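The values are calculated or read from the model by the stated rules, or taken from the named source; none is laboratory data. All values reported here derive from a predicted model rather than from experimental measurement. Quick reminder, even Gly has a Cβ in these numbers, built from the backbone with ideal geometry, and neighbours come from all protein chains shown. Note: accessible area is taken over every heavy atom of the protein model, side chains too, but ligands, DNA and RNA are not part of it. Shrake-Rupley method; radii C 1.70, N 1.55, O 1.52, S 1.80 Å.
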Amino acid sequence: MSTIPTGSYVIMNATTHTYLNVLGYQAVPGDVVNSIGNYFGNDIWNVASTESCGMTIQSFGTGAFLSFDPSNKADTAFGSVVTSNSIYPWVLQQDTKVPYAWCIVDKNNGNALVVKDNSVANGAQVLETTDNIADQAQAWFFIAKEPI
């Protein structure tokens with residue numbers, strides 16, 4: 001179980017040094033990408049433990065929850081990382097290769113979040129992968145952030 005306390009964070013990929021973001025404050029199902037950092041609310045995420053589903057990760061800027069939709073094939077044949085109006089279960093697993101970093105793991109299928117092709121481009125797609133959880137590309141830093 002995670003030791004990340006409930007709070008607001010910018011979530012930075014350890015490989016790309018880009019930030020988890022809801023593209024252009026899109027409404028549900030908003031596209032989840034990485035950004036170079038815009039200092040706006042769509043770069044900030046509220047993280048909280050829940051009684052029944054591990055962790056929930058909610059966009060501060062849109063109020064929608066980070067989720068995975070297997071029926072949305074826009075990103076991959078397996079589905080898309082998008083936002084949802086419903087709480088979605090995540091588990092944070094401490095990364096074994098990057099100190100102070102966490103893997104964001106889908107509690108439903110065990111897949112971890114990554115940035116497509118480890119791209120540092122603004123708007124790079126965030127995907128789920130079945131690759132080894134210990135891969136540095138799946139490591140994310142949770143940087144405490146006071147909401148703006």
Which numbered condition Val114 fails, given (1) under 13 Å from Leu20 (Cα atoms); (2) out of contact with any helix residue (DSSP H, G or I) (no Cβ under 7 Å at 6 or more places or on another chain); (3) hydrophobic (A, V, I, L, M, F, W, C): (2)
Confirm whether Val47 is closer than 13 Å to Val126 by Cβ, open to solvent by less than 40 Å² (accessible area, probe 1.4 Å) and assigned to a strand (DSSP E or B). no
In the range 54-96, how many residues are more than 15 Å from Glu128 (Cβ to Cβ), open to solvent by 20 Å² or more (accessible area, probe 1.4 Å) and not in a strand (DSSP E or B)? 8
From (1) assigned to a loop (DSSP other than H, G, I, E, B); (2) open to solvent by 40 Å² or more (accessible area, probe 1.4 Å); (3) in contact (Cβ under 8 Å) with a residue 60 or more places away in the chain; (4) not aromatic (Phe, Trp, Tyr), pick out the condition that doesn't hold for Ile143. (1)
Only one residue in Thr16, Thr6, Thr62 is touching a helix residue (DSSP H, G or I) at 6+ places or on another chain (Cβ under 9 Å), in contact (Cβ under 8 Å) with a residue 40 or more places away in the chain and over 17 Å from Val115 (Cα atoms). Which one? Thr62
Positions within the range 74-109 being touching a helix residue (DSSP H, G or I) at 6+ places or on another chain (Cβ under 6 Å) and either aliphatic (A, V, I, L, M) or modelled with pLDDT of 95 or more (or both), in sequence order: Val98
